[in-house]
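Remarks on the structure that follows.
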Amino acid sequence: MSGSRDHGTAIKLLSCAKTFGGGTVRALESLDLEITGGETVVLLGPSGCGKTTTLRIVAGLEEPDPGGRVFFGDDDVTRLPIEKRNIGMVFQSYALFPNMNVRENIAYGLKVRKMPKVEIDRRVGEMVEMMHMGELEFRRIDQLSGGQRQRVALARAIVVRPRVLLLDEPLTALDAILRTRLRVEIDELLRRLGITAVYVTHDQGEAMSLGDRIVVMSNGKVEQIGTPRDIYYKPNSEFVAEFIGSINRLHGIACGDHVEVAGGTVPWLLNQSSGKVEILFRPENVGICDVSVAQLKGKVVTSFFQGDRTRLIVGGLGERDIVIETTDRTEYISGQDIGFQVDPDSIIVLEK
Amino acid sequence: MRRPWLFYSQLAFTLCVCAFLIVPVIMSMMAGVTENYFYGIKSGITLRWIYEVLDIYLDTIYLSLMIAVACLAVTLILGVPTAYVLAKKSGRLARMFEEFLVLPVAIPGLAIALALIITYGGFRDFRSSWGFILVGHVLYTLPFMVRSVLAVLSSIDFKTLEEGAASLGASFWQRFFGVILPNCRSGILAGSLMVVTLSVGEFNLTWMLHTPLTKTLPVGLADSYASMRLEVGSAYTLVFLIMIMPLLAGLQMFGTPKDRKPEAQSDDMTGKTSLKEKNL
Ligand SMILES: Nc1ncnc2c1ncn2[C@@H]1O[C@H](COP(=O)(O)OP(=O)(O)OP(=O)(O)O)[C@@H](O)[C@H]1O
Ligand SMILES: [Mg+2]
C-alpha cells in the first residue's frame, strides 16, 4: 500500500457519477476531485445535493456509474469493497453497536483485524485517554449523551489507523454549543493525526473552520472548489455567494471605471466590459459616510442592534433591500436617509 | 364518587371471565390427582394416574420434546437468514415472499397435512418417521420465527450498523455473527419460545401426519381422552401443562419486543429529569 500515515493518503475521483433507481435519479453528475495527502476537504451544499453520495463512493459503500474510478494513492480501489479499503467512517447516526459497551465498540475494528489482545488493550486504552472517556469505558451505548456517542464514533474510526477518515455530518444531531466545542476538538484531532479527511456538512461555519479546501455542491454538481477564503471572497457564482454567508445584490450597468446602480454608483476599477452586470458585496464591506458625499444613497428600513455591531436593512436601491453591518455607535432610525460606499476591493461582479 | 363503583364492577367482570376460563383447567388438574373422580376429592389424593401416564405415554413426551428441539433448530437455521434477506431487500418480490410465508398459518392444518401426505406420502420410510411430522411443524412455525426476527430488524437501523462494521474492516460473516445476530437477539429469543410452544402443543397437523409409532404428546392426549379413564386423561393434561407453563411464562417475559427497551429507558431518564426540573 502506498502513502505513509504521516503524509496521509491522497484520494482521486475520476469522472465519478451516480445514478439511482435504474437510471431515474441522477444523484451525482460526473465528478473529478483530487485530494492531497493529509488534507481536509469539506463537501458543502444544501440537502440532497449529493454530498453523502460522493462520500459513500469514496468509502466504497456505493459504486460509481461505469467509467468512474476511485484512487487511494496509486491504488485503484474502485472495485474494492469498503471493508478492504482501510478507511475510518463516522456516520451521522453514529452507527454504534448497541450490543457492545464503549470499550468493545472502540475495540471492534482491531478485533476483526485479529490483532493480539495485548495490542488491542493498549491501543484502546490510549484512545480512551486521548478522548477523555475514562469513566465511560464500560457504559452501554444507550447510556451516553449525544456528544459522548460522537466521541466514541470518532475514537472507533481512528483507532484502526485508517488511510482516510470520512465524516458524514457528524455534528448535525447535536445542539449548537456542543457543536462548536466538538468542531474545535475535531479540528485539533485532524491536524494532529495529519490524516486525509473528507467531511460532509451543510453548515458553512463548520466548513469554513475545518476545511483546507471546500467543495461547494448543488444539484449533484460541483459549483466551486477552493480554500475557505477563495470561496468567501471570490465566489464564482451567485449560488456559492449566497450559500456562504449573506450577500447583497445590485443590478447595474457598467461604464468606465464604475457601475451605475439604482442608488448611485459603485467603483469597479478592473472593468473591461460595458453592459448589464450584477454586483455582489458582503454586509461588512460597506462604509457609512455622509449623505452629501456618498456614492450610494438609500433609506433605512429597519435596524437591529446586536451589541458588537448594528445590522441595517436599507431600501431604495432596486427591487431588493440590502443589508449593511456597521460597528459604529450611531443610532439609526427607520426612514432616515443614509449614505454609504462599497469597498472597491471586495465587490464581486458577475456579467450578465 | 362514580369511579370506585366503575372500578369494582370492572374488576368483578374481569374476575368472572378469568374464573370461567380457569376453573375448568383447575377442575381437570384436580381430577388428575383424585383417586376416583365420581366420588370427588374426598376419595383421596394420589399420584397413581400420573405414574400411569408416564408409564404409557413417556415416549410421546420424549418425541414431542425432540420434535420441538429439532423444529427450533431448523427454524433458526432457515428463519433467521430469511428474515435478514427479507429485511435487506426492498423489492416487490421480497414483500410477496413475506406474504407467502404466512400462508401456512392461514391455511387449516388439516389441509397442509393432506397436501404433505399427497406429495410425500409415497416415500414409505419418510412417511413413517418422525421427520414427517417435523416437516409439518417447520412449515407451520417458520413464519413465526421469521416475523419475530423481522420485527426487530426493521426496528433497528441494521443497515447502518452493518455499514459501520464494514467500514471497520469486518467481513460479511464477521458482521452477521458479530453485529446482526446479537442485535436481534430479543427477536430470536421470542421467536424461539413461540416455535417451541407451538410445536409442543400442535395437534391439527400432527394428528394427520402421525403413525402409531410416532405419536406426540397432544396426539397421545386425544388418544387417552378417547380410550382411557377420565383420571388418566386429566393427569396427562396436568403433565402437559407443567411442561408448557415455563414456555408460556418465558413468552410473556421476552415476547414483547425488547429492542425498544433502550429507547424507553432513555425516555424514562429524560422524563425523570424533566419532572425534577418541574419540581425545582
Ligand atoms: N439509495 C438511493 N436510492 C435512490 N435515490 C437516492 C439514494 N441515495 C440518494 N438518493 C438521491 O440522491 C440525491 C443525493 O442524495 P445525497 O444523500 O447524496 O444528498 P446529501 O447531499 O447527502 O443530502 P443531505 O444533506 O440531506 O444528507 C438525493 O436526491 C437522493 O434522494
Ligand atoms: Mg447526506
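The values are calculated or read from the model by the stated rules, or taken from the named source; none is laboratory data. Predicted, not measured: the structure shown is a model, and the values here were computed from it. All Cβ positions, glycine included, derive from the backbone under ideal geometry; neighbour counts span all protein chains shown. Please note that ligands, DNA and RNA were not included when accessible areas were found on the heavy atoms of the full protein model with its side chains. Shrake-Rupley method; radii C 1.70, N 1.55, O 1.52, S 1.80 Å.
Please report the relative contact order for chain A, taking Cα pairs under 8 Å with a sequence separation of at least 6, and give it as a percent rounded to a whole number. Don't skip to the end; give the middle numbers.
Working: 733 pairs, mean separation 57.2, N = 352.
Once divided by the residue count of chain A, the mean separation gives 16 percent.
Averaged across the residues of B:151-159, what count of C-beta atoms belonging to other chains lies within 10 Å of each residue's C-beta? Display every interim value, and only then the final one.
Working: counts 0, 0, 0, 0, 0, 1, 3, 1, 1.
That average works out to 1.
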Peptides ranked, highest mean first, by Cβ atoms within 10 Å: ranges A:71-79, B:16-24, A:299-307, B:149-157: B:149-157, A:71-79, A:299-307, B:16-24
Check: the range B:53-259 dipole with +1 on Lys, Arg Cβ and -1 on Asp, Glu Cβ, in debye: 460
Please compute the contact order of the range A:296-352 in relative form: average sequence separation of alpha-carbon pairs under 8 Å and at least six residues apart, divided by the residue count, as a percent. 37
Computed E for A:Glu126/B:Ala226 - FRET, C-beta separation, R0 56 angstrom, nearest 0.05: 0.15
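Which value in Å does the Kirkwood hydrodynamic radius of chain B take, with 1/r averaged over all unlike C-alpha pairs and then inverted?
Working: mean 1/r = 0.0448 Å⁻¹.
It is 22.3 Å.
Ballpark to the nearest 100 Å², how much total accessible area do B and A bury together, probe 1.4 Å? Walk me through the intermediate numbers first.
Numbers: alone 17330 and 17160 Å², together 32720 Å².
The summed interface area works out to 1800 Å².
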A convex hull over the alpha carbons of the protein assembly as shown yields, per residue, a volume in Å³ of 285
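Count charges around A:Met217 for me, please; just the other residues with Cβ under 12 Å from its Cβ, Lys/Arg as +1, Asp/Glu as -1. Mind dumping the intermediate values first?
Values: positive: A:Lys51, A:Lys221; negative: A:Glu29, A:Glu223.
So the environment of A:Met217 carries a net charge of 0.
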Name the residue from A:Ile35, A:Met217, A:Leu136 whose Cα lies farthest towards the positive end of the charge dipole of the range A:11-243, charges +1 on Cβ of Lys and Arg and -1 on Cβ of Asp and Glu. A:Leu136
Could I have the simple spin-label model distance between B:Ile22 and A:His251, label points 7 Å from Cα toward Cβ, reported in nm to one decimal? 8.3
For the range A:25-166, the Rg and Dmax computed from alpha carbons only, in angstrom: 16.7, 49
For the range A:248-340, just list the percent of Cα-Cα distances falling in each 5 Å bin from zero outward, please. 3, 14, 24, 25, 17, 10, 5, 2, 0
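Would you work out the charge dipole size for the range B:144-227 about its Cα centre, treating the Cβ of every Lys and Arg as +1 and the Cβ of every Asp and Glu as -1, and quote it to the nearest 20 debye?
On the way: 5 positive and 5 negative charges, 10 e Å.
It works out to roughly 40 debye.
Using the crude model of +1 on Lys and Arg Cβ and -1 on Asp and Glu Cβ, and no other charge, please compute the dipole size for chain A relative to its Cα centre, in debye to 20.
Numbers: 43 positive and 48 negative charges, 298 e Å.
Computed about the Cα centre, the dipole is about 1440 debye.
Tell me, what is a quarter of the convex hull surface for the C-alpha atoms of chain A, in nm² with one decimal? Spell out each step's value before the answer.
Details: hull surface 88.4 nm².
In nm², the orientation-averaged hull projection of chain A is 22.1.
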For the pair A:Ser292 and B:Met243, how long in nm is the line joining their label points, each one 7 Å along Cα→Cβ? 10.9
Among A:Pro267, A:Gly315, A:Ala254, flag the residue with its Cα farthest along the positive direction of the charge dipole of the range A:238-351, charges on Cβ as +1 for Lys/Arg and -1 for Asp/Glu. A:Gly315
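Contour minus end-to-end for B:Ser129 and B:Lys159, with contour as 0.36 nm per residue of separation and end-to-end as the Cα-Cα distance? Intermediate results must be reported in sequence, preceding the final value.
Numbers: separation 30, 0.36 × 30 = 10.80 nm, distance 4.20 nm.
Extra length from B:Ser129 to B:Lys159 when fully extended: 6.6 nm.
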For the range A:154-209, alpha-carbon Rg and Dmax in angstrom: 11.1, 31
